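As structure tokens, the structure follows; a few thoughts come after it.
The values are calculated or read from the model by the stated rules, or taken from the named source; none is laboratory data. A quick note: this is a predicted structure, and the numbers were derived from the prediction, not measured. Please note: Cβ atoms are built from the backbone with ideal geometry, for glycine as well, and neighbour counts cover all protein chains shown. SASA here: full protein model, heavy atoms, side chains in, ligands and nucleic acids out. Shrake-Rupley method; radii C 1.70, N 1.55, O 1.52, S 1.80 Å.
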Amino acid sequence: MLRAGDGANQRQAEGGDAGTQLEELWSDARRTPIANQIQVKRTCPSCGPEPRGEEKKGRGNPISVQLFPPELVEHIISFLPVRDVVALGQTCRYFHEVCDAEGVWRRICRRLSPRLREQSSGVRPWKRAAILNYTKGLYFQAFGGRRRCLSKSVAPLLAHGYRRFLPTKDHVFILDYVGTLFFLKNALVSSTLGQIQWKRACHYVVLCRGAKDFASDPRCDTVYRKYLYVLATREQPAVVGSTGSQACDCVEVYLQSSGQRVFKMTFHHSMSFKQIVLVGQETHRALLLLTEEGKIYSLVVNETQLDQPRSYTVQLALRKVSRCLPHLRVTCMASNQSSTLYITDQGGVYFEVHTPGVYRDLFGTLQAFDPLDQQMPLALSLPAKILFCALGYNHVGLVDEFGRIFMQGNNRYGQLGTGDKMDRGEPTQVHYLQRPIALWCGLNHSLVLSQGLDFSKELLGCGCGAGGRLPGWPKGSASFVKLHVKVPLCACSLCSTRECLYMLASHDIERGPAYRDLPPSKDRMEKMKEIVGWMPLMAAQKDFFWEALDMLQRAAGGVASDPSTPES
């Protein structure tokens, strides 16, 4: 409660430190009777003064929150939880400007992550950093056992948000937005009842810093994930004749069981990579490296010899997809044990299939398979630009720029979600699912993370339900059905193993909606024109509606045909 008096108004006009003013006003308010104190107006300052009535004559003159120093208001708001700050910013224009100030979010970010030394990048770096650290979390649900609840792993205090994760046989690895790779360990812990139980991801250590990406054995069974390959940037000492150190990209190999580094490969400083994937068997493991320019290089290692204390040179060669199609600029890759998928900057999709069995499952024929040239890329025919994909052992899921899901490959267990168990040799649209947040394809089942109109999220699945991999549907389903899993509000990616279902939560405010509205088809426009002709309207009114439909059709055709149009 603040007192309306000449002394208080004079001190506020003189300015000074915000904390000193607050102490003086509070001491005056304590010495003043409650009847003489005033109340702060709770309405929006931009909406004008609060209307007075006869019933408010004895309550004093209300003052506006806008009279407080901005630093004081920001300091008070910074002590609120992130959820309350966002809700307060939606009440009026004044609080929206105050709650969106970087000073508020800088204090909140320092409170959530005291060890964060520098701000992140972007237009609003402190707000982005605070929300990333507030919403981060790794959730998992074990398939076996009596408990069927969603658990949360330990949250590393040093992590700046969660960018991606990878579960292995015994542990979980998480990469944050500043390049720190964390090693979340499973361990035996004591419960509240004094019993010893096995708990997942309950301890963490920092594995390495400066990491760009990491990968392991691409098979769905985590038993095969013995080594972890980390793409990182390291400072190399200067060579003779040069001054200063140079930053070079390298691939470091760690044992997933202990986190010990067993091998390291360093590249020339002129080559910069952004993604790494693995393909092939342990004795002939191919590492595919994607450069910043969209080119793909590969090298082959023998994992059975990595733990031997010796040094040798590996050859880095340009992959055939970049050698034969030099005009293509690849933006991302996906791989499994015997195939690789590339997505270009224009939304095109190219396949590499290395075994005849997987080729037959994916395309339904062996007509174009060449066992002597397994790296020849095959282009998929798709109606629109592809944004992201999920690659399983013998089936693939694709999501285009309009949010449509296309499935292709083996459908023995109904893992394509088409409602039947017929294989598809070309991309087939799943019509009842649109605009997914994440898509995951496993050995014989598929998962989709979707969001409703009320921003609530749900997990859908199809395919084989053995082992509890589709919670609530033990017999499986040939169509995508809602699984009995409580999905976190900020879940953004998922992964499923034989023992557990994982969901990663982290909200990035700079990742806007990537989907576009589907342009109306020509047949639909003709039908609408026909309906207008049936309506009891005047000739001028019908001409107006027909001209408007023609303009909409021309505009939609221009947007659809221009690949450089920015996404809405």
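Summary of values
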{"item": "Using a Förster distance of 35 Å, the FRET efficiency for residue 284-residue 455 (Cβ separation, nearest 0.05)", "result": "0.15"}
{"item": "Karplus-derived 3J(HN,Hα), 6.51/-1.76/1.60, for each residue of the stretch 155-161, Hz, glycine and proline x", "result": "9, x, 5, 7, 6, 9, x"}
{"item": "Distance violations [Cα-Cα > 24 Å] among 385/475; 199/482; 385/421; 199/226; 136/486; 127/185", "result": "385/475; 199/482; 385/421; 127/185"}
{"item": "Charge dipole (the stretch 354-452, unit charges on Cβ, about Cα centre) - positive-most of 434, 354, 389", "result": "434"}
{"item": "Listed peptides 481-493, 303-315, 406-418 by packing density, highest first (mean Cβ within 10 Å)", "result": "406-418, 481-493, 303-315"}
{"item": "Residue 203/residue 527 FRET efficiency (R0 56 Å; Cβ-Cβ; nearest 0.05)", "result": "0.35"}
{"item": "Highest-first arrangement of 532-545, 149-162, 439-452, where packing means the average Cβ count within 10 Å", "result": "439-452, 149-162, 532-545"}
{"item": "Whole-number percent relative contact order across the stretch 332-460, with pairs defined as alpha carbons under 8 Å at least 6 apart", "result": "19 percent"}
{"item": "Protein accessible area in the stretch 202-342, 1.4 Å probe - carbon and sulfur %", "result": "52 percent"}
{"item": "Reachable lysines from residue 542, criterion Cα separation under 22 angstrom, eight or more residues apart if same chain", "result": "522, 527, 529"}
{"item": "By accessible area with a 1.4 Å probe, ligands and nucleic acids excluded, highest first: order of 171, 431, 96", "result": "431, 96, 171"}
